[in-house]
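**Student:** Before I ask anything, here is the structure I am working with.
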Amino acid sequence: MNITRISVYQVDLPLKEGSYHWSGGKSVSVFDSTVVRIDTNDGYTGWGEVCPLGPFYLPAFGQGARAGIYEIGPHLIGAPATEIARINRRMDVALKGHPYVKSAIDMACWDILGKAAGMPVCELLGGRFGESVQLYRAISQESPEEMAAKVSGYRDEGYRRFQLKVGCHDVDLDIARIHAVAAELERGDILVADANTGWLKHEALRVCQGVRDVDVYIEQPCATYDECRAVRARWDGPFVLDENIDGLDPLLRGHAEQAMDVVNIKISKFGGLTKARQARDLCVEMGIAMTLEDSWGGDIITAAIAHLSHSTPEELRFTATDFNSYVTVSNATGAPQRENGTMKAPTEPGLGISPRTEVLGEALFEIE
Ligand code: MG
């Protein structure tokens, strides 16, 4: 089961809604996704994908993913694809940091392990909990009225969990956004206001004061962990950390210091399914609920998210994301499709997807 070839493809994923806006005036209209194919000497093929949310969200960007894989790839030729801890060890020795670079390779190895074992990845990650996985819908940052107007359409698609993109320096505008969307909610809906590090501490505290009467989760208000913790200490409601939780150190520190109630585990932020699962399993034991997702992606990443989420105990699973429903291009068949606001991990062996070769086109490069 040794790796003989790593092929790298690039796919543009345009957004159905035209563009996606979040804190600090940042926006993306076409996502730059990287797809990795790994072949082994006994005929197995595995697929992975990594898709940063533009070059300015996390320390990650599309060209960086490909340059990193170009750097790591030669160290993996001949390595056993199904011995995934060893593969991760090799990647960490070959390239310090850059977890997102390693994510698609790790994902492709899980795909191979599943195919070799004849089991879907979610079973290898712990088993299938419950019928399906509940999804949230991100609401792109627009005017309060435009954001509120989106809720009923998304609810018609089955979503009951809404993540508002806030985090601008006009605090009154963000307070108005939260109130406007909250007014559209029905019993059973959940509202999260995600500032994506966009507020200074005093701004976050003003927002918290201004929405005290609203049933809302506050997510990642400020840039640093310490700022977020200071805000959390003065906020009565549930609190989510995302951007700062990028490994086990901040996760364990956050737990010890009661810095959050929910964490967002993005597969590529941790460096792949192996490390995301490690964090997921710790959260399960520590009683920390999770949003399980990635920074962005197409069908391959959506399948990986479904496997990670579906193998997480239901009560710890706060939300997950069906990124393939946000974009106009499908890069694989067999990926989960949203059904009444939920999705299910595929039942076929591995990730359960087959890439569309006509969408991938020619490989940008191959490492042999
Ligand atoms: Mg977030």
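Each reported figure results from applying straightforward, stated rules to the coordinates on display, with no laboratory input. As the structure is a computational prediction, the values presented were derived from the model and not from experiment. Cβ sites come from the backbone with ideal geometry, for glycine too, and all protein chains shown count toward neighbours.
**Student:** Per residue, what volume in Å³ does the Cα convex hull of the chain take up?
**Tutor:** Measuring per residue, one finds 117 Å³ for the Cα hull of the chain.
**Student:** Counting alpha carbon pairs within less than 8 Å and at least 6 residues apart, what relative contact order, in whole percent, applies to the stretch 276-368?
**Tutor:** This gives 28 percent for the stretch 276-368.
**Student:** Counting Lys and Arg as +1 and Asp and Glu as -1, each charge on the Cβ, what is the dipole of the stretch 242-362 about the Cα centre in debye, to the nearest 20?
**Tutor:** Approximately 160 debye in magnitude.
**Student:** Give me the net charge for the shell around Ala108: Cβ to Cβ below 10 angstrom, other residues only, Lys and Arg +1, Asp and Glu -1.
**Tutor:** Every neighbour counted, the sum reads -3.
**Student:** Write out the GluC sites (Glu not before Pro) in the stretch 156-215 meeting two conditions: DSSP loop, and at most 15 other Cβ atoms within 10 Å of their Cβ.
**Tutor:** Within the stretch 156-215, the qualifying GluC sites (Glu not before Pro) (loop, at most 15 other Cβ atoms within 10 Å) are Glu157, Glu186.
**Student:** Further question on the same structure: In nm, to one decimal, how far is the modelled label at Ser152 from the one at His169, with both set 7 Å along Cα→Cβ?
**Tutor:** Simple spin-label model gives 3.7 nm for this pair.
**Student:** Based on the mean of other beta carbon atoms within 10 Å per residue, what is the order of 314-324, 7-17, most packed first?
**Tutor:** Averaged packing, sorted descending, gives the order 314-324, 7-17.
**Student:** Moving to a separate point now. Need the list of lysines near Lys115 for cross-linking: C-alpha distance under 20 angstrom, and skip anything on the same chain fewer than eight residues off.
**Tutor:** Reachable lysines: Lys344.
**Student:** Here's something else I'd like to know. Evaluate the charge dipole of the chain about its Cα centre and quote only its size in Debye, nearest 20, assuming +1 on the Cβ of each Lys and Arg and -1 on the Cβ of each Asp and Glu.
**Tutor:** 580 debye
**Student:** What value, in deg cm²/dmol to 500, does the helix sum -39500 (n - 2.57) over DSSP H runs of n ≥ 4 give at 222 nm once divided by the residues of the chain?
**Tutor:** -11000 deg cm²/dmol
**Student:** Can you tell me which lysines have their Cα less than 18 Å from the Cα of Lys269? Leave out same-chain residues fewer than eight positions away.
**Tutor:** Correct list for Lys269: Lys96, Lys102.
**Student:** Also: With labels modelled as points extended 7 Å from the Cα through the Cβ direction, what inter-label distance (nm, one decimal) is found for Glu366 paired with Glu71?
**Tutor:** Label at Glu366, label at Glu71, 2.5 nm between them.
**Student:** How far apart, in nanometres, would the label points at Glu358 and Asn2 be if each is projected 7 angstrom from Cα along the Cα-to-Cβ direction?
**Tutor:** 3.8 nm
**Student:** Can you tell me the dipole magnitude for the stretch 1-87 around its Cα centre, using point charges on the Cβ only (Lys, Arg +1; Asp, Glu -1), in Debye to the nearest 20?
**Tutor:** 120 debye
**Student:** Show which lysines lie in cross-link reach of Lys201 when reach means a straight Cα distance below 22 angstrom and same-chain residues fewer than eight apart are skipped.
**Tutor:** Lys26, Lys165
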